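> Handing you a structure now.
The values are calculated or read from the model by the stated rules, or taken from the named source; none is laboratory data. A quick note: this is a predicted structure, and the numbers were derived from the prediction, not measured. All Cβ positions, glycine included, derive from the backbone under ideal geometry; neighbour counts span all protein chains shown.
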């Protein structure tokens with residue numbers, strides 16, 4: 001059964017990594033460089049985790065699937081952001097939210113997110129809203145992942 005994950009994560013050094021995993025293999029990715037001193041420790045992450053037999057098992061089709069279902073996905077990010085407008089207490093992390101409407105048959109969707117500091121927890125709704133508002137552009141900017149030997 002295919003697993004498809006869109007992720008966006010920020011590092012302490014200011015770098016931001018966005019990508020798509022298919023069955024736990026990174027298939028598309030984009031990295032925005034951070035500061036001069038590398039530190040890969042995460043400040044926050046947001047995942048859209050999709051699972052089920054209704055998902056494609058080919059990387060290019062998986063990316064198309066995420067674009068084709070933008071309305072459902074963006075609505076979910078918007079509603080999740082509204083629900084947690086005041087932020088979340090760190091005791092409840094990672095946050096899991098799965099109240100999507102109109103999900104395609106044979107697919108389960110969950111937004112999973114966490115922060116490593118209380119101040120980022122307060123910013124969580126803004127992070128979710130940013131993903132919603134820039135969904136299509138972020139998916140389209142992703143490049144095929146490069147494997148390092």
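> Residues of segment 21-48 being part of a loop (DSSP other than H, G, I, E, B), free of Cβ contacts under 8 Å to residues at least 24 places away in the same chain and over 20 Å from residue 112 (Cβ atoms), which ones?
First, the residues of segment 21-48 that are part of a loop (DSSP other than H, G, I, E, B): 23-24, 33-41.
Remaining after also requiring free of Cβ contacts under 8 Å to residues at least 24 places away in the same chain: 24, 33-36.
Across segment 21-48, the qualifying residues are 33, 34, 35, 36.
> Taking only segment 43-72 into account, find how many residues are surrounded by 15 or more Cβ atoms within 10 Å (Cβ to Cβ) and more than 18 Å from residue 2 (Cα to Cα).
Residues that pass the stated criteria total 5.
> Which members of segment 87-96 meet the condition of being under 22 Å from residue 134 (Cα atoms) and either modelled with pLDDT of 95 or more or over 15 Å from the mean Cα position of the chain (by Cα) (or both)? I'd like the intermediate steps shown before the answer.
From segment 87-96, those under 22 Å from residue 134 (Cα atoms) are 87, 95-96; that's our starting set.
87, the sole residue that qualifies.
> Return yes or no: is residue 118 more than 19 Å from residue 6 (Cβ to Cβ), at pLDDT below 95 and surrounded by 18 or more Cβ atoms within 10 Å (Cβ to Cβ)? Even if it seems obvious, please write down each step before you answer.
Numbers: more than 19 Å from residue 6 (Cβ to Cβ): yes; at pLDDT below 95: yes; surrounded by 18 or more Cβ atoms within 10 Å (Cβ to Cβ): no.
Spelling it out, it is not the case that residue 118 is more than 19 Å from residue 6 (Cβ to Cβ), at pLDDT below 95 and surrounded by 18 or more Cβ atoms within 10 Å (Cβ to Cβ).
> Can you confirm whether segment 122-138 contains a residue that is surrounded by 16 or more Cβ atoms within 10 Å (Cβ to Cβ), at pLDDT below 95 and farther than 22 Å from residue 12 by Cα?
no
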